Amino acid sequence: MPRMSAALRWEVLKPEHLGAYTNLLDGAFSLAAPASYLSDFPFWNPGITDHAANRFQIGGWLDDRLVSSASLRLADYRSISLKIIKMGFVGAVCTHPDFSGKGFAGEALDLILEEGITQGVSVFALWGSESSLYEKRKFVSGGKQIRLPISEMNFKRFGSIENSGIEILAGWNDEILHLLADRDFGIVYQETDLAWLRRQQSSAYRTAWRGEKCVGFIAWNRGIDLTNLIHECEGEETAKRALLCSAQFENPALEWLTSEQTLKKISSNVPDLKFEYLAQFRVRDGTKITEEEMNRLWFSGFDSC
């Protein structure tokens, strides 16, 4: 049912709202063609209905114009301790510049947080800059990630990659979904996620193959947020080293966003590690999660949407 505020009519976004939603996002984030927010973040495309059960999107209308919105991705998260945490990833929170300063983004955010609690979310997470909008709603910085220039990594100490029997190919392959699903920790992926992963247009993909088996993949350059950043690197350890070594040769200016536990499996010969906060989190009252577990939370670029 639609909900009314003092100024806006709030409705759940549907496939028929795609055009209005695209205009709102591109206007709010100052993107001009051929750039488009939904090309970088296709998970939020309301026209892709395969994973609609795991997505909640709200839009605020002023007469016939969509002027504000917020979205929530519902997902199971497998922690390093194998504990499953019900998470809600907040994204695409925006108001068109013509209507800024009226509190509409806060209204939209409150509506998706309310829905997340109804759906049993234990931890809300978002990638984005700190602001009073989130601080007022008890979001705090947490988790750890490493931003490492791959030009500073030395893979030779791990033996010859050339003799590993691995072939590296360019471009998307559906086997990438299975590598994401088989990770030790992170969002638990499902077959329905292929519908949006295939449409992620701005990333550069490289897959590693041993014979006819895909054993690893890497991705970098996801649009407006992750330019020149490797945001995915999954698979067998030898495959990941081969992919990173290949990326180092292909584009030495790249940096790798990763976790400490992943990095130490790949290379011990690294410069002094510099940690940065992974994201902002809001833990639901009554949720049993330790400080150590919070500090070890990590997710990739695709996880965060």
*Which one of Ile224, Ile230 is within 16 Å of Glu152 (Cα to Cα), outside any helix (DSSP H, G or I) and touching a Leu at 6+ places or on another chain (Cβ under 9 Å)?*
Ile230
_Just the residues that are under 19 Å from Leu82 (Cβ atoms) and part of a loop (DSSP other than H, G, I, E, B), please, taken from segment 174-209._
Asp182, Arg183, Asp184, Phe185, Val188, Tyr189, Gln190
*Selection from segment 32-47 of residues that are assigned to a loop (DSSP other than H, G, I, E, B) and over 15 Å from Pro15 (Cβ atoms)*: Ala32, Ala33, Pro34, Ala35, Ser36, Phe41
_Residues satisfying the stated conditions in segment 48-75, i.e. within 14 Å of Gln119 (Cβ to Cβ), in a strand (DSSP E or B) and in contact with a Leu (Cβ under 9 Å, 6 or more places away or on another chain)_ = Arg55, Phe56, Gln57, Ile58, Ser71, Leu72
_Sole exception among (1) surrounded by fewer than 16 Cβ atoms within 10 Å (Cβ to Cβ); (2) of a type in the set (A, V, I, L, M); (3) closer than 30 Å to Gly211 by Cβ for Leu254, by number_ = (1)
*Which one is modelled with the highest pLDDT, of the residues in segment 258-278 that are in a loop (DSSP other than H, G, I, E, B) and polar (S, T, N, Q)?*
Ser259
*Please specify each residue of segment 233-246 satisfying the condition of being closer than 20 Å to Glu175 by Cα and out of contact with any Leu (no Cβ under 6 Å at 6 or more places or on another chain).*
Cys233, Glu236, Glu237, Thr238, Ala239, Lys240, Arg241, Ala242, Leu243, Leu244, Ser246
*Considering only residues of segment 279-305 that are at pLDDT 85 or above and in contact with a Phe, Trp or Tyr (Cβ under 6 Å, 6 or more places away or on another chain), which is surrounded by the most Cβ atoms within 10 Å (Cβ to Cβ)?*
Gln280
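The values are calculated or read from the model by the stated rules, or taken from the named source; none is laboratory data. What you see is a predicted model; the values in this text were computed from it and never measured. Quick reminder, even Gly has a Cβ in these numbers, built from the backbone with ideal geometry, and neighbours come from all protein chains shown.
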